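The values are calculated or read from the model by the stated rules, or taken from the named source; none is laboratory data. Quick caveat: nothing in here was measured; it's all calculated off a predicted structure. All Cβ positions, even for glycine, are placed from backbone atoms using ideal geometry, and neighbour counts span all protein chains on display. What goes into the accessible areas is simple: the full protein's heavy atoms, side chains included, and nothing from ligands, DNA or RNA. Shrake-Rupley method; radii C 1.70, N 1.55, O 1.52, S 1.80 Å.
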Amino acid sequence: DVKVTQSSRYLVKRTGEKVFLECVQDMDHENMFWYRQDPGLGLRLIYFSYDVKMKEKGDIPEGYSVSREKKERFSLILESASTNQTSMYLCASSFGGYSVTEAFFGQGTRLTVV
Amino acid sequence: QKEVEQNSGPLSVPEGAIASLNCTYSDRGSQSFFWYRQYSGKSPELIMFIYSNGDKEDGRFTAQLNKASQYVSLLIRDSQPSDSATYLCAVNIGDMRFGAGTRLTVKP
């Protein structure tokens, strides 16, 4: 079974804090993704990584950065958390390229910034 | 223009009816298309994928793809209350882009 594991299910942080969300996959997938999900807006891509140390901006990268030092681990960093970053964050992974390959999701992290 | 657009719903159908969910995409280079189901409070899970023009059937689900019209749909036959969920259309354009989702309610 493919497993994508996010480090926290629920997180509460204060405005201005630096926040780390961690994601680990065990399927040797090349691609890893960070999305945020807000009511009515669906899943919006924040960042995408197709290989170790490689990253591409998604639709909403502002206020976020990412790190991929190992193939199995993809971290999302909120440099200075703000209340408008309160959201559900979903990590996903998939095999690479344009092949027919589904994305497998972690359980999600509900982040509240107060 | 967003890469993937879905009819926003919500969509409500009676039990046993056919539910029809629609999606359009903007990138003509898109190769593969996915339908995910997401129950409230849960992560999305794959229902079907399609990459060739035409229909693809899997049990009560049929995905339809028309690349000329840049259109993907999902039909759910004999809808059940357990099908009540949000359905997300996704397109592989190198990365994976999702629509906003359509909330489906199947009423007993």
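Open to solvent by less than 10 Å² (accessible area, probe 1.4 Å) and within 28 Å of A:Lys55 (Cβ to Cβ): which single residue out of B:Ala19, B:Ala90 fits that description?
On the way: B:Ala19 fails: within 28 Å of A:Lys55 (Cβ to Cβ).
Just one listed residue meets the conditions, B:Ala90.
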Quiz prompt | Filter result for B:Phe49 (under 10 Å from the mean Cα position of the chain (by Cα), within 10 Å of another protein chain (Cβ to nearest Cβ) and open to solvent by 60 Å² or more (accessible area, probe 1.4 Å)) | solution = yes
Exercise. Please state which one of A:Glu56, A:Glu102 is open to solvent by 80 Å² or more (accessible area, probe 1.4 Å) and in contact with a strand residue (DSSP E or B) (Cβ under 8 Å, 6 or more places away or on another chain).
Key: A:Glu56
Practice problem: Output the residue which, of all residues in the stretch B:1-37 that are part of a strand (DSSP E or B) and of a type in the set (Val, Ile, Thr), is modelled with the lowest pLDDT. | Solution: B:Val4
Practice problem: Evaluate the stretch B:71-89: report whether one residue or more is more than 11 Å from the chain's Cα centre (by Cα) and within 12 Å of chain A (Cβ to nearest Cβ). | Solution: no
Quiz item: Does A:Glu62 satisfy the condition of being at pLDDT 95 or above and surrounded by fewer than 22 Cβ atoms within 10 Å (Cβ to Cβ)?
Solution: yes
Quiz item: Across the stretch B:1-32, what is the total count of residues that are within 13 Å of chain A (Cβ to nearest Cβ) and under 20 Å from B:Asp83 (Cα atoms)?
Solution: 6
Quiz item: Just one of the numbered conditions (1) open to solvent by 50 Å² or more (accessible area, probe 1.4 Å); (2) within 14 Å of chain B (Cβ to nearest Cβ) is not true of A:Thr86; which one?
Solution: (2)
Self-check item: Residues being of a type outside the set (A, V, I, L, M), without any contact (Cβ under 8 Å) to a residue 40 or more places away in the chain, open to solvent by less than 20 Å² (accessible area, probe 1.4 Å) and at negative phi - total across the stretch A:15-46
Solution: 0
Practice problem: Scan the stretch B:25-38 and give yes if some residue there is over 11 Å from the mean Cα position of the chain (by Cα), open to solvent by less than 30 Å² (accessible area, probe 1.4 Å), under 29 Å from A:Asp51 (Cβ atoms) and among the basic types (Lys, Arg), otherwise no. | Solution: no
